[in-house]
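Asks: Sending over a structure as structure tokens; questions will come in a sec.
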Amino acid sequence: MDAPKIMSESLWGAKDQAARLAELTASTDDRAKEHPLRRDVRSLGTLLGWVLVEQTGEPLFQTVEQLRRLLIQARVGLSGTSGSDLQNAEMSQAREIIAALNVQDAYKITKAFSIYFELTNLAETNHRKRRRRAAKLYSGHPPLPGSFRGTLLRMRNAGINGEQALQALRQVKIMPVFTAHPTEVARRTVLQKRRRISRYLELLDRLPLPEADALAFEAAILTEISALWETDEVRVQKPLVTDEIRMGLDHYPMSIFESLPRIYTEVRDSFQQVFGMSLNPENIPELLYFGSWIGGDRDGNPFVTAETTQEALERAQNTILSHYVTELASINEQLSASAKQVSVSDVFSNKLRQYSGMIGDESAHAAHISGTELYRKFLSFVSVRLREINAGGEYAYRSAREFESDLLLVCESLKQNRGGRMAELLIEPLLRKARTFGFHLATLDLRQHAAVHRKTLAGLRGGDSPDSDAAGVLSVFRCVSEWKKNFPPACIRNYVISGTEADRDIHECLELARRAGVHVAASGDDPGLMPVPLFESIHSLRNSASVMERVWTDPQYRKLLDSWSGWQEVMIGYSDSNKDGGMLTSIWELYKAHQALHAAARRHNVKLRLFHGRGGTVGRGGGPTHAAILAQPAGDFSGEIRITEQGEVLNWKYSDPVLAEWNLEILIAACLEALTRPDGPKPGADQPWAEIMEQMSGDAFAFYRQNIAENPDVLTYFDQATPVNELEHAQIGSRPARRSQSRKLEDLRAIPWVFGWMQSRHALPAWFGVGYALEGFAAQSSKISQSLGCTRLLSRTRPCEIGCGR
């Protein structure tokens with residue numbers, strides 16, 4: 001068949017608009033809720049089929065369809081099959097078809113299935129947004145457990161009142177930290193095509209949906225799929241750090257700027273509904289800030305230099321200032337109040353006269369603003385001051401606080417003069433952004449490995465000429481003071497020390513900073529430069545608390561802590577600890593380190609903020625964010641947390657305002673719940689099973705080290721059985737796969753280690769050693785059970801049912 005040039009009837013057409021509306025608004029227990037998803041997947045698949053016929057011909061399309069049907073049948077036939085035997089007639093026939101393909105056809109078929117799965121993922125993502133909108137129609141239904149409203153309900157049911165809940169919320173401070181690695185594999189142009197398809201899918205949900213509109217959106221999707229087919233899937237050239245900086249910043253105008261005010265609206269509305277409390281914006285604390293490693297993470301990446309860090313800071317500032325100017329232009333279109341119709345406050349009027357005398361009225365005249373439109377005139381002066389920041393003009397704002405102060409003047413004047421609704425809808429969202437993003441958008445972390453610091457210092461002490469690594473370290477440290485002068489001082493406040501094993505690693509970082517003239521202590525508006533040790537091996541996690549205790553008892557370091565208001569940030573790494581000791585031991589040692597660090601902090605009167613270096617996959621600490629935050633040891637959470645959002649998941653979480661809003665809401669809800677534990681475990685609740693975990697972790701660790709980490713044959717097998725070597729040459733990210741040219745496991749980054757196993761479907765980082773430990777525990781428990789006359793497998797976490805007291 002040929003792809004039709006003109007479609008007379010849309011695949012998404014709604015002959016019965018009422019029935020379509022019923023599907024879109026179906027409740028959770030109504031099976032009709034799945035109809036829109038099935039229609040999207042089916043229709044997208046049909047469009048892809050048309051593209052395949054048009055681009056490759058009927059025979060290849062038929063081969064794709066035959067393989068698709070065979071594999072579906074094979075999966076149905078294999079359901080419930082035990083063991084590793086994946087043979088049946090359909091699977092054998094599929095293998096024969098694939099074996100007979102030439103390389104070119106195999107590539108085209110692979111690409112066809114790849115695009116199909118991409119389209120299916122877009123349909124599922126659109127359905128997530130669809131169901132989130134539908135859920136808001138059923139206010140009488142219980143809210144989702146991970147939602148902010150659901151968390152407040154559990155708190156209320158546990159006896160926590162509204163004031164107590166608000167007081168707990170004031171302790172919550174969350175900073176998602178965007179990283180480039182592992183980089184999003186898809187090219188930027190491919191991501192943009194996917195986003196446009198997503199947008200058309202949303203438009204197809206709008207009712208009433210005329211047939212002409214459905215056909216137009218369908219044609220637009222067909223065009224995008226055709227373009228996807230004709231586009232290279234992977235990069236021809238390795239991305240530069242500049243490309244990664246741009247991709248990281250894309251998510252702010254794409255979703256975060258829009259979703260942030262909605263988060264605070266949800267907080268306000270939830271308190272109103274659950275506790276009957278009416279909160280104004282000043283009552284709701286700042287809960288979210290953003291961070292980044294992109295352009296500042298030098299660990300193992302020689303392409304991150306002082307120049308790329310400078311570029312990252314400039315691009316971040318340009319992004320937020322451009323957004324403020326755009327928002328003010330939009331507000332000015334709506335805020336047309338005239339002095340002939342309504343008054344303004346005296347404070348506002350005085351400030352307006354001051355600006356007129358200082359800046360002049362040229363900007364207002366250029367914008368054709370009437371002399372009676374005082375708010376518009378004032379905001380034109382605000383725009384002038386914003387635009388002059390990058391140029392260093394005489395009227396430029398000196399800090400974001402000055403910008404915030406001007407917005408507050410407008411807001412209060414509106415509220416005092418019957419403009420409260422305009423203040424709430426126009427000015428307050430911008431105020432919230434100003435408090436969140438300032439003039440720097442996100443805090444940029446600097447990062448380097450402790451071994452590089454040690455080598456650099458050794459060279460300085462010995463009078464040696466610095467090599468490239470040492471020169472790079474010194475260059476970055478020397479630039480910090482300059483960056484803090486040219487950008488808001490809060491743009492850089494943390495220096496992450498990878499591979500921290502001892503207290504000397506922290507002191508060496510401080511010595512380098514002092515040699516470069518960096519003010520490490522906080523002073524005034526400058527938060528200083530806090531060294532953030534990253535404990536990422538099993539050995540370092542076990543010693544992390546004792547290392548920090550030695551640091552915190554140092555009198556000179558204590559002065560730094562005092563300047564940081566008693567706060568210390570410590571980072572714990574999930575990926576490398578998994579590579580070092582296996583899944584079970586990694587998780588358990590992270591848990592114990594979390595407890596030990598908080599206990600040590602309490603002993604030394606330190607306020608501890610943990611930075612969780614989680615990846616996207618299970619083997620790198622990934623998984624549901626809400627569950628991960630609640631899995632922290634009870635009683636060992638300050639309310640403040642930083643958590644990495646790695647390149648591989650950024651698009652999944654932040655490609656759309658609805659998805660970004662939900663992801664950020666989950667973070668806030670989980671932190672509030674972890675802080676209050678309304679119906680969760682209390683401190684010490686883990687004692688009954690801690691001994692069991694310790695034993696199983698020890699068994700798993702020994703088994704993993706013997707068979708994986710210390711097995712000389714594993715790396716050979718890894719090289720031959722996984723595409724790790726191909727990944728090293730793929731144009732995925734700017735950072736090399738290895739920290740050095742060594743072929744040792746410890747020098748291989750955790751990212752290619754996990755990716756290699758996952759791409760070959762071994763999934764080794766997610767399970768190896770876990771089953772061995774569980775089997776050992778079950779066997780031991782069974783022996784104990786039999787010796788005591790128990791009739792069931794004993795769980796050591798509660799008494800035996802026959803009352804033996806064990």
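The values are calculated or read from the model by the stated rules, or taken from the named source; none is laboratory data. Note that this is a predicted model, so its numbers are computed, not measured. Cβ placement follows ideal geometry from the backbone for every residue including glycine, while neighbour counts extend to all protein chains displayed. Accessible surface is based on the protein model in full, side chains and every heavy atom, while ligands, DNA and RNA are left aside. Shrake-Rupley method; radii C 1.70, N 1.55, O 1.52, S 1.80 Å.
Asks: Return one whole number: the accessible area per residue of the chain in Å², for a 1.4 Å probe.
Replies: On the way: 36380 Å² over 806 residues.
Normalised by residue count, the accessible surface of the chain is 45 Å².
Asks: Right, next: Based on the Cβ-Cβ distance of R418 and A158, what FRET efficiency does E = 1/(1 + (r/R0)^6) give at R0 = 35 Å, to the nearest 0.05?
Replies: The value I calculate is 0.25.
Asks: Now a separate question. Take the alpha carbon atoms of region 261-308, find their center, do the same for region 338-365, and report the distance between the two centers in whole angstrom.
Replies: Here the two parts' Cα centres lie 33 Å apart.
Asks: Modelling each spin label as a point 7 Å along the Cα-to-Cβ direction, I'd like the A634/L191 distance in nm, to one decimal.
Replies: Those two pseudo-labels are separated by 4.1 nm.
Asks: Continuing with the same structure: Cα-based Rg (one decimal) and Dmax (whole number) for region 161-255, in Å?
Replies: Over region 161-255's Cα set, Rg and Dmax evaluate to 20.1, 59 Å.
Asks: While we're here: What Kirkwood radius, in Å to one decimal, follows from the Cα pairs of region 406-517?
Replies: Evaluated over region 406-517, this radius sits at 17.1 Å.
Asks: While we're on this one: At what distance in angstrom do the alpha carbon centres of region 409-427 and region 133-174 lie from each other?
Replies: 28
Asks: Can you give me the Rg/Rh ratio for region 220-332, using Cα atoms for both radii and the Kirkwood formula for Rh? Display every interim value, and only then the final one.
Replies: On the way: Rg = 19.9 Å, Rh = 18.0 Å.
Reported Rg/Rh, Kirkwood definition of Rh: 1.11.
Asks: Calculate what fraction, in whole %, of the accessible area of region 655-720 sits on carbon and sulfur atoms when a 1.4 Å probe is rolled over the protein chains.
Replies: Heavy-atom surface of region 655-720 belonging to carbon and sulfur, 1.4 Å probe: 53 percent.
Asks: Oh, and also: Would you calculate the separation in nanometres between label points at A367 and Y138, each defined as 7 Å from the Cα along the Cα-to-beta-carbon direction?
Replies: The answer from the label model is 4.6 nm.
Asks: Counting other Cβ atoms within 10 Å, keep those with at most 11, restrict to DSSP loop, and tell me which GluC sites (Glu not before Pro) in region 163-262 are left. Could the numbers behind the result be given before it?
Replies: Values: sites: E163, E184, E202, E211, E218, E224, E230, E233, E244, E258; in loops: E184, E230, E233.
Sparse-neighbourhood loop GluC sites (Glu not before Pro): E230.
Asks: Additional query: In deg cm²/dmol, rounded to 500, what helix-only [θ] at 222 nm does the chain give when every DSSP H run of at least 4 residues adds -39500 (n - 2.57) and the total is split over its residues?
Replies: Value at 222 nm, helices only: -19000 deg cm²/dmol.
Asks: Then there's this: How many percent of the accessible area of region 439-555 is carbon or sulfur, using a 1.4 Å probe?
Replies: After summing per-atom areas, the C and S share lands at 49 percent.
Asks: Please report the antiparallel percentage of DSSP beta bridges with both residues in region 513-653, rounded to the nearest 5. Spell out each step's value before the answer.
Replies: Details: 1 of 13 bridges.
Antiparallel: roughly 10 percent of the beta bridges in region 513-653.
Asks: Same structure, new question: Rounded to the nearest 5, what is the percent of antiparallel bridges among the DSSP beta bridges in the chain?
Replies: 5
Asks: With +1 on each Lys and Arg Cβ and -1 on each Asp and Glu Cβ, how big is the dipole of the chain about its Cα centre, in debye rounded to the nearest 20?
Replies: Dipole magnitude for the chain comes out near 1420 debye.
Asks: At 25 °C and a viscosity of 0.890 mPa s, what translational diffusion coefficient does Stokes-Einstein give for region 82-190, taking Rh as the Kirkwood radius over Cα pairs? Give it in µm²/s as a whole number.
Replies: Estimated diffusion coefficient is 121 µm²/s.
Asks: Would you please put 282-288, 423-429, 633-639 in order of how densely packed they are, using the mean number of other Cβ atoms within 10 angstrom per residue and starting with the highest?
Replies: Highest to lowest by the protection proxy: 423-429, 633-639, 282-288.
Asks: Over all alpha-carbon pairs of region 299-378, lay out the pair-distance distribution in 5 Å bins, whole %, shortest bin first.
Replies: 3, 12, 16, 17, 15, 8, 7, 6, 5, 5, 4, 1, 0
Asks: Distance between the C-alpha centers of region 658-702 and region 581-616? Whole Å please.
Replies: Cα centres, region 658-702 to region 581-616: 12 Å.
Asks: Short version: what are the Cα gyration tensor semi-axes of the chain, square root of 5 times each eigenvalue, largest first, in whole Å?
Replies: 43, 39, 30
Asks: Give the carbon-plus-sulfur fraction of the accessible surface of region 201-272 in %, rounded to a whole number; probe 1.4 Å, heavy atoms of protein chains only.
Replies: Summing carbon and sulfur atoms, their accessible area is 55 percent of the total for region 201-272.
Asks: Take the residue pairs K136/K592; K377/K485; K193/K485; K433/K485 and return only those whose Cα atoms are more than 29 Å apart.
Replies: K136/K592; K377/K485; K193/K485
Asks: Okay, moving on. Loop only by DSSP, 12 or fewer other Cβ within 10 Å of the Cβ. Give me the trypsin sites (Lys or Arg not before Pro) in region 95-148 that pass, ordered by residue number.
Replies: Answer in residue order: K136.
Asks: Now for a different question. What aspartates and glutamates could a cross-link reach from K129, if we take a straight Cα to Cα line under 12 Å and drop same-chain neighbours fewer than 8 places away?
Replies: The qualifying aspartates and glutamates are E202, D205, D656, E661.
Asks: Dividing the alpha-carbon radius of gyration of region 461-589 by 2.2 N^0.38 Å (N being the number of residues), what value is obtained?
Replies: Taking the Cα Rg and dividing by 2.2 N^0.38 Å, one obtains 1.15.
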